[in-house]
Amino acid sequence: MTGQIAPHGSDAPIGIFDSGVGGLTVARAVSALLPRESLLYIGDTARSPYGTKPIADVRRYALEVLDTLVEQGVKMLVIACNTASAAMLRDARERYDVPVVEVIGPAVRTAMSTTRNGRIGVIGTSGTIGSGAYQDMLEVNARLTVFAQACPRFVEFVESGVTDSPEVLAVAEEYLAPLRHAGVDTLVLGCTHYPFLEGAISYVMGSDVSLVSSDTETAKDVYRQLVSRGLLAGPDVVARHVYEATGASTDDFVRLAHRLMGREVRDVHLVQTGAIDVPSTERSVAPAAGERGSS
């Protein structure tokens, strides 16, 4: 660790993992709710996207990244990737001795309490939808009817930094038409990339359909877990946000993060899963939002 983030205890960072940049929406939501908490984020950009890969491969990749976070001393793991959550949540909770929060359960609970007509739509990657994770959790409630739709090109758009083009709107119309025709009144954005496309999704679905975003609901779950376990950072802690990626270069990650989130992410360190012992002098640390200047 850097020496600026405690490796153990309540002042240690929260570890957040995603296959790419989508999980930054979760990191942003957690930071907004818990501004004193330090964050350690890893995007597995070397193997992104996960949504089209075999579940067995996703499970292996995800566990390797989570191992890396645990070795760096995080106090909690947040799986900010729906495909990975569907592939290996049970494995993660059995494997690690820190709390594990994922993105599916919080969104499901909110959708159940939000729907008025019992017709819920779920959109996600092919891997997430194919796993049936959302469908299984929602259909425990017999009064609900679930309509699931894979939207694989949505992740491609976000990872390319394209969020508001006519092509995005046209693809959204194509993907979401079956859900509109089904009369859903609640739509779960079952991928952490999708909040970046919320404008197009909301426009196509109409104002009468409530959108449930996994990023904000997951952040609330993180808050509850930290409070219940006595793991909130102390009042004198200076929060630090560390961003890491597994790809060959950090340039694309930083450029895309700037386009999607402003300058929240300023420095990213390259890390290889399995190569845990990164010298502290090489890791880039970005101050938490409250400490930043106007740059």
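The condition of being surrounded by fewer than 20 Cβ atoms within 10 Å (Cβ to Cβ), farther than 17 Å from residue 18 by Cα, hydrophobic (A, V, I, L, M, F, W, C) and modelled with pLDDT of 95 or more holds for residue 170. Among residues of region 11-39 that are under 18 Å from residue 49 (Cα atoms) and not assigned by TED's automatic domain parsing to the domain that holds residue 98, none has a beta-carbon under 9 Å from a residue that is surrounded by fewer than 24 Cβ atoms within 10 Å (Cβ to Cβ) and of a type in the set (S, T, N, Q) at least six positions away or on a different chain.
Applying the condition of being among the hydroxyl-bearing types (Ser, Thr, Tyr) and surrounded by fewer than 21 Cβ atoms within 10 Å (Cβ to Cβ) to region 116-139 and asking which residue is nearest to residue 157 (Cα to Cα) yields 126.
Are any residues in region 211-239 touching a Leu at 6+ places or on another chain (Cβ under 7 Å) and outside any helix (DSSP H, G or I), and if so, which ones? Answer for region 211-239, where residues must be touching a Leu at 6+ places or on another chain (Cβ under 7 Å) and outside any helix (DSSP H, G or I): 211, 212, 213, 232.
Criterion applied to 142, 177 was being surrounded by fewer than 17 Cβ atoms within 10 Å (Cβ to Cβ) and in a loop (DSSP other than H, G, I, E, B), and the one residue passing it is 142.
When we screen 281, 273 for residues that are at pLDDT below 75, not in a loop (DSSP other than H, G, I, E, B) and not assigned by TED's automatic domain parsing to the domain that holds residue 112, the only hit is 281. Note on region 151-171: among residues that are of a type in the set (A, V, I, L, M, F, W, C) and in contact (Cβ under 8 Å) with a residue 60 or more places away in the chain, the one that is farthest from residue 132 (Cα to Cα) is 158. Restricting to region 192-231, and then to whatever is among the charged types (D, E, K, R) and without any contact (Cβ under 8 Å) to a residue 40 or more places away in the chain, can you tell me which residue is surrounded by the most Cβ atoms within 10 Å (Cβ to Cβ)? The selected residue is 198.
Scanning region 112-158 for residues that are within 21 Å of the chain's Cα centre (by Cα) and charged (D, E, K, R) returns 136, 153, 156.
Of the residues that sit in region 180-190 and are in contact with a Phe, Trp or Tyr (Cβ under 7 Å, 6 or more places away or on another chain) and of a type in the set (A, V, I, L, M, F, W, C), which one is surrounded by the most Cβ atoms within 10 Å (Cβ to Cβ)? Looking at residues that are in contact with a Phe, Trp or Tyr (Cβ under 7 Å, 6 or more places away or on another chain) and of a type in the set (A, V, I, L, M, F, W, C), I get 188.
Checking the stated criteria, residue 199 turns out to be modelled with pLDDT of 90 or more, among the small types (Gly, Ala, Ser) and either farther than 24 Å from residue 133 by Cβ or in a helix (DSSP H, G or I) (or both).
Looking at 248, 286 in this structure, which one is closer than 22 Å to residue 70 by Cβ, of a type in the set (A, V, I, L, M, F, W, C) and modelled with pLDDT under 75?
286
Of all residues in region 108-129, exactly one satisfies the criterion of being of a type in the set (Gly, Ala, Ser), in contact (Cβ under 8 Å) with a residue 60 or more places away in the chain and farther than 24 Å from residue 219 by Cβ, namely 126. Quick one: in region 13-35, of everything that is part of a loop (DSSP other than H, G, I, E, B), modelled with pLDDT under 95 and not polar (S, T, N, Q), which residue is surrounded by the fewest Cβ atoms within 10 Å (Cβ to Cβ)? Looking at residues that are part of a loop (DSSP other than H, G, I, E, B), modelled with pLDDT under 95 and not polar (S, T, N, Q), I get 35.
Looking only at region 62-90, which residues are surrounded by fewer than 22 Cβ atoms within 10 Å (Cβ to Cβ) and under 14 Å from residue 131 (Cβ atoms)?
So the first thing to find is which residues in region 62-90 are surrounded by fewer than 22 Cβ atoms within 10 Å (Cβ to Cβ), and the list is 63-64, 67, 70-71, 73, 89-90.
Of everything in region 62-90, those that are surrounded by fewer than 22 Cβ atoms within 10 Å (Cβ to Cβ) and under 14 Å from residue 131 (Cβ atoms) turn out to be 89, 90.
Every condition in (1) over 15 Å from the mean Cα position of the chain (by Cα); (2) modelled with pLDDT under 90 holds for residue 257 except the one numbered (1).
The values are calculated or read from the model by the stated rules, or taken from the named source; none is laboratory data. These figures come from a predicted structure and were not determined experimentally. Virtual Cβ from ideal backbone geometry, glycine too; neighbours counted across all protein chains shown.
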